[in-house]
């Protein structure tokens, strides 16, 4: 089952990275950070994205699973 | 190699003490071993000779870590055996004697076998020894490396060239000095923190030896990883790991623990001093088997070895445990970041930028000591007039540093450079010709050189500057750009790379690029052409990874591929998955496939079933499948025919037919193609057959030759595939009544079985049965039974064939008999049936039949008129005939002995002695002992009679002497191994015995039982006779042990 994830990293990533990160949408939080969000197939896919973030030496701030359309959050900080 | 020692410590039997001779014997000294003077002397000398009461050796000291370690050496002919003793403090007389006697024992064994060799007429064995044991020329060494096709094989083991100029990080280098006092150094930080550069600096400055291994994504395969690891260690000592490499080359996966055990053993015995092994880019390693191996390595790290791991993410190693015990030196991102001063020095010295301190502050606050970012910033600044504008824009932007700066750097390059960088970013490594092929342009070689000179994140990988790679981070940015700017070009670029690699024989890379394209057709063709052949050499994880990457639907339509996958799965022990895949292969087989492919798939199918049935111990089925596979595989498929032949060659264990035709067949398999593993297996097979032929000396010699195949004695024992060796040799030694040596080999083999998952069920059975019989010979019944219990547990757990389990039970009954549990043994025998008249005998049941015969014989002793005995004779004669026809001399001797025992019970002395005489004639030249004395006291009596008749006088004398020794050592006389006391005590004798044990004198007993003292004496003599003792205390002990009271 697909899951909706929201990943926050430090710094503003160029939108072109979207494709690189499994098509996750790139937006900014106004505090100089990037939010990658969208659907991923499973935990393994999430792991893949996190590895790519790590490979780019980006600073990971948070990973959240969005479980309902209202955006209720399940797991807090990564 | 030990030098000739000038001092000698020797045992003087005249003085009954140890005497030390100094200066080549000129001075005789009275240093008392283990005294303070003794240890002070040891501190001064580096070697001395020892000649003790139990053996001699040369002792030599090696200094590792400033600590002294002593080793004992002994030379036998060409062979030098070395044994680790310990630190100086461990050098006690007891320890010296122990090591010397161990070395002595090994020599005696070797010499005995060498003597046997002289006695054996040269025939087929010549061929065996020459073919199996041909020396491996050193030049072929590279063949053992899976990566030998890799042009960068050597480059991976070199310390990367460091830039001529760098910022010297003296505080970090000082901390790195602690590498030499710690087990593991972990440098863990994201990309671009200068991990590799730091280590390069450290290595350059280090005065001690460092081995280096740069890891890449494709090294996440256990075989490949371990091969490279060994290759790196061999840069320090070429002897380290030579036998492990041979193991790795065989298709059956070797347990990582075994590999590590062998490696650490090699290192312990190596003369290489303190050294560090650097594993760079370790984050590519995630395979569980590799992690297990590394954990095991850390647990058994040789004292002179220090491990350094550089990685982007913490490895799965017991870090917190190492940390707690102070065995871990850590450097993390926070430690590696450039300080403000380092930033300044870098910009100024390395990049040639003299900037005002405010500018440096600005850059520093933005890149936060991240070295890759700093380098990009410097590149953007070079040759720029408007430095302050750039800096204010840069610091005012929130854009990700890498994005911001790489764009700055890229857009400042000429168009051709930009396009070159983008197109070649798909490559993990770059070379001129490869880049030419991928870009479709000429002149890439020059381009790469220019990029390197311009500091554009191109790293040279070898001294000849033929191979480069991009800095990881830069490559990521380039790939992302290519991905978003020209996604349509990706498949073509990968395809070109795949074609180039294929042309240059680098199949692993070719397949990887074909899969990345993705061009599955090309990938499938490549895999099908190279998969299980010489290319992979045990890299099964790589192969299975590829197959997983292929769409299932495609794979299912390719029977050839499915069958290959099934074989790979079988070899890695995934039997169910293998069967499933093979079924898919069978389903998709269609007639318009090329004939050769159909033949191969059919052959693999039969091979798979041969393997599965073999591993369950169903040898009959296995041999049938193997023979079928041989019909399918074309003549030129030597490799597969050899693999299958090794299964087909077990037919003698099914039929019991060990005539010379069978022997020739096995010899041919040893001489034929096949890897070391197959050859060793077949050699063990040959020895097993020879021992069934009753040629014990030849069998022992064949085992010994297999041992010589390995340079280091220990390697063979740790060789996962050959407990066959330990068990086979152990069983022969057991038969020769050399029980201590036999036990050594047998238990060693059992250890191997416990540690590994071994396919060879018949080998496992042989080992457990032989060990149980050995314990039985020692009359350690409980131990014997627990050996069999372990086997039965193993057999159930691994779902062994019923025939095998039944053999274990049969031996258990033999032990019950020996303990006097006749009723239990009879119950067992009653549930079994003799082979039907007219039907061929099943050799796999022979052991059972022979134990049943023993049960009936023991039963017959109680009821001499028992009709069962004639039935026994009938069956024994049938087995005898079968064994004679099929040259199974070992069985012939055993059956003749049982016949003799049967006739003895039937009171037919003539026939009994005739049978025994025949057995003696056959057994004498090969020195059988246990087969006789395990039959107990009746056999002893028969042998006495045979001696009186003058048959094989010397041999019978030796056998009777063995009886005496047995009686002394085991201390439990009078018992027949088959059925308690040979002649049970009468009720009256039992009463007398009870009173005797209670401590009554003869007169008191006489009074108590109201008989004369003379009668009491007669009873006591009779009891002594039955118990086989000749004194009161012995009788009492015996009565207790046998539970006669």
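Just so it is clear, none of the values below were taken in a lab; they were calculated from the coordinates. Source: prediction; values computed, not measured. For neighbour counting, all protein chains shown are included, and Cβ atoms are generated from backbone atoms with ideal geometry for every residue, glycine included.
At a glance:
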{"quantity": "Viscosity 1.306 mPa s, 10 °C: Kirkwood-radius Stokes-Einstein D of the stretch B:417-482 over Cα pairs, µm²/s", "calculated": "138 µm²/s"}
{"quantity": "For the protein assembly as shown, Kirkwood radius (reciprocal of mean inverse C-alpha pair distance, Å)", "calculated": "35.0 Å"}
{"quantity": "Rough spin-label spacing in nm, given labels placed 7 Å along Cα→Cβ, for residue B:881 and residue B:988", "calculated": "4.9 nm"}
{"quantity": "Projected label distance in nm at residue B:154 and residue B:177, using a 7 Å step from Cα toward the beta-carbon", "calculated": "3.5 nm"}
{"quantity": "Gyration tensor (alpha-carbon) shape descriptor, the stretch B:423-568, a/c threshold 1.5", "calculated": "prolate"}
{"quantity": "Cα-Cα P(r), the stretch B:875-937, percent of pairs per 10 Å interval", "calculated": "24, 56, 20, 0"}
{"quantity": "Radius ratio Rg over Rh of the stretch B:877-1019, counting only Cα atoms, Kirkwood formula for Rh", "calculated": "1.13"}
{"quantity": "Stretch gain in nm, segment residue B:592-residue B:43, where the contour uses 0.36 nm per residue and the Cα spacing is subtracted", "calculated": "189.7 nm"}
{"quantity": "Space enclosed by the convex hull of the alpha-carbon atoms of the stretch B:891-975, per residue, Å³", "calculated": "82 Å³"}
{"quantity": "Global geometry of the stretch B:216-317, whether rounded, prolate or oblate, following the gyration tensor of its Cα atoms and the 1.5 cut on a/c", "calculated": "oblate"}
{"quantity": "Cα-based Rg / Dmax (Å) for the stretch B:363-488", "calculated": "15.1, 44"}
{"quantity": "Projected-area mean, the stretch B:155-217, by convex hull of Cα positions, square nanometres", "calculated": "5.1 nm²"}
{"quantity": "Theoretical FRET efficiency, 1/(1+(r/R0)^6), r = Cβ-Cβ of residue B:75 and residue B:503, R0 60 Å, to 0.05", "calculated": "0.70"}
{"quantity": "Folded to 0 to 90 degrees: helix B:822-831 orientation relative to chain B principal axis, Cα", "calculated": "70 degrees"}
{"quantity": "CD proxy at 222 nm, helix term only [per DSSP H run n ≥ 4: -39500 (n - 2.57); per residue of the protein assembly as shown; nearest 500]", "calculated": "-17500 deg cm²/dmol"}
{"quantity": "Shape of the stretch B:311-380, Cα gyration tensor, a/c cut at 1.5", "calculated": "prolate"}
{"quantity": "Helix B:723-735 axis, angle to chain B major axis (alpha carbon atoms, nearest 10°)", "calculated": "20 degrees"}
{"quantity": "For q = 0.11, 0.21 Å⁻¹, Debye-computed log10 I/I(0) when each Cα of the stretch B:737-848 counts as one equal scatterer", "calculated": "-0.38, -1.21"}
{"quantity": "Taking the C-alpha atoms of chain B, convex hull volume expressed per residue in Å³", "calculated": "224 Å³"}
{"quantity": "Rg over Rh, two decimals, the stretch B:566-671 (C-alpha only, Kirkwood Rh)", "calculated": "1.00"}
{"quantity": "Degrees, to the nearest 10: B:987-997 long Cα axis against longest axis of chain B", "calculated": "60 degrees"}
{"quantity": "Bridge type composition, chain B - antiparallel percent by DSSP, nearest 5", "calculated": "60 percent"}
{"quantity": "Hull volume in cubic angstrom per residue (convex hull over the Cα atoms of the stretch B:356-428)", "calculated": "99 Å³"}
{"quantity": "Whole-Å distance, taken between Cα centres, linking the stretch B:723-797 and the stretch B:607-647", "calculated": "27 Å"}
{"quantity": "Compactness of the stretch B:749-792 as Cα Rg over 2.2 N^0.38 Å, two decimals", "calculated": "1.13"}
